[in-house]
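Beneath this line is the structure, given in structure tokens, with notes to follow.
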Amino acid sequence: MNKLLSAEGLSKHFGAVTAVSNIDLQINSGEIVAIMGRSGSGKSTAMHLLAGLESPSDGHVFYQGKDIAGLNEDELALWRRANIGLIFQAFHLIPTLSALENVAFPLYPDGVKTAERDRAAERLAMVGLADRATHRPSRLSGGEQQRVAIARALINNPGLILADEPTGNLDTETGNEILALFHRLRDEAGVSFLIVTHDDEVAATADRVIRMKDGEIVA
Ligand SMILES: Nc1ncnc2c1ncn2[C@@H]1O[C@H](COP(=O)(O)OP(=O)(O)OP(=O)(O)O)[C@@H](O)[C@H]1O
Ligand SMILES: [Mg+2]
């Protein structure tokens, strides 16, 4: 298996609180991995460290063999933009923008031109929302909003999508559709996924489950 991302001896302290304690993990290309654990066990903090959104107190994150600790802020932002897609429980769409504009939003620093609109439309089609391009988030169901967020995460063809409780705001059936979409994107586009969840049924759909307790990986 082809190693995509790994963490070695990764720790994060917030003052006296140790959120993540000396974890090692590996995600291979095309793998869907779940991180499980009770509230406060350090799942989101671990995800933020892997995405380079937080800097570790100790340890390293390697992406395709490259240590992201060696990158400055600008390089880190470029790296993240090129390689990592992020999905959250609460969708985080911009309410005043259409579905298509939300998907194209990560491209805005370059200015949205026809090519970008075409690319955003293609991503919307990948998640089955070609016919909702002009809808604002308020006119979409929760599941549709999450699919827009997934299309946005896909805009730069990332190797890895990090999803923090992606089904947490959805009913079981809609959540299952989102998980099935992750599997289809893995099969068709080779995207790897790391899914943070505290739901056993969500974790059961993953290829592999990492369990955290009190900041440590316990299984
Ligand atoms: N920015 C921060 N400042 C201080 N403490 C923090 C910060 N972020 C997280 N923590 C603490 O670190 C620990 C791990 O938090 P984290 O959010 O990673 O847990 P989690 O497993 O994602 O929990 P949940 O399932 O509730 O989302 C908690 O004790 C939390 O209070
Ligand atoms: Mg969390």
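Each value in this text was obtained by applying a stated rule to the coordinates, not by laboratory testing. What you are looking at is a predicted structure, and each value in this text was computed from that prediction instead of being measured. Methodologically, a virtual Cβ is constructed for each residue, glycine included, from the backbone with ideal geometry; neighbour enumeration extends over all protein chains shown.
For a paramagnetic label modelled on Lys3 (point 7 Å from Cα along Cα→Cβ), amide N atoms under 13 Å away belong, within the range 21-63, to 24-29, 60-63. When DSSP beta bridges are restricted to pairs lying wholly in the chain, around 45% turn out antiparallel. The tail of the calculated P(r) for the range 3-217, taken as Cα-Cα distances beyond 21 Å, holds 53 percent of the pairs.
Which of Asp200, Asp207 comes first, and how do the rest follow, when ranked by fewest Cβ neighbours within 10 Å?
Taking fewest neighbouring Cβ atoms as first place, the list is Asp200, Asp207.
Magnitude of the charge dipole for the chain, about its Cα centre and with charges confined to Cβ atoms of Lys, Arg (+1) and Asp, Glu (-1), is about 340 debye.
Under 30 Å of direct C-alpha separation, and excluding same-chain neighbours fewer than eight residues apart, Lys12 reaches these lysines: Lys3, Lys43, Lys66, Lys213. Spin-label model, Asp214/Tyr108: points 7 Å from Cα along the beta carbon direction are separated by 4.4 nm.
For the range 63-144, trypsin sites (Lys or Arg not before Pro) are listed when DSSP marks them as loop and at most 11 other Cβ atoms sit within 10 Å of their Cβ; the list is Lys113. Our coupling estimate for the range 85-101, obtained by passing each phi through the Karplus curve with A = 6.51, B = -1.76, C = 1.60 and θ = phi - 60°, is x, 10, 9, 10, 4, 9, 6, 6, 8, 8, x, 8, 9, 5, 3, 4, 5 Hz, Gly and Pro reported as x.
In order along the range 49-55, the phi-based Karplus estimate (6.51 cos²θ - 1.76 cosθ + 1.60, θ = phi - 60°) of 3J(HN,Hα) comes to 5, 5, 8, x, 7, 10, 8 Hz; Gly and Pro are listed as x. Counted by neighbouring Cβ atoms within 10 Å, the residues Arg147, Arg211 run from fewest to most as Arg211, Arg147. Centre-to-centre separation between the Cα atoms of the range 81-132 and those of the range 11-70: 26 Å.
In this structure, the amide hydrogen of Gly30, modeled 1.01 Å from its nitrogen in the peptide plane, lies closer than 5 angstrom to those of Ser192, counting only residues at least 5 positions away or on a different chain. Sorting Ser29, Ser21, Ser55, Ser192 from the fewest to the most surrounding beta carbons within 10 angstrom yields Ser55, Ser29, Ser21, Ser192.
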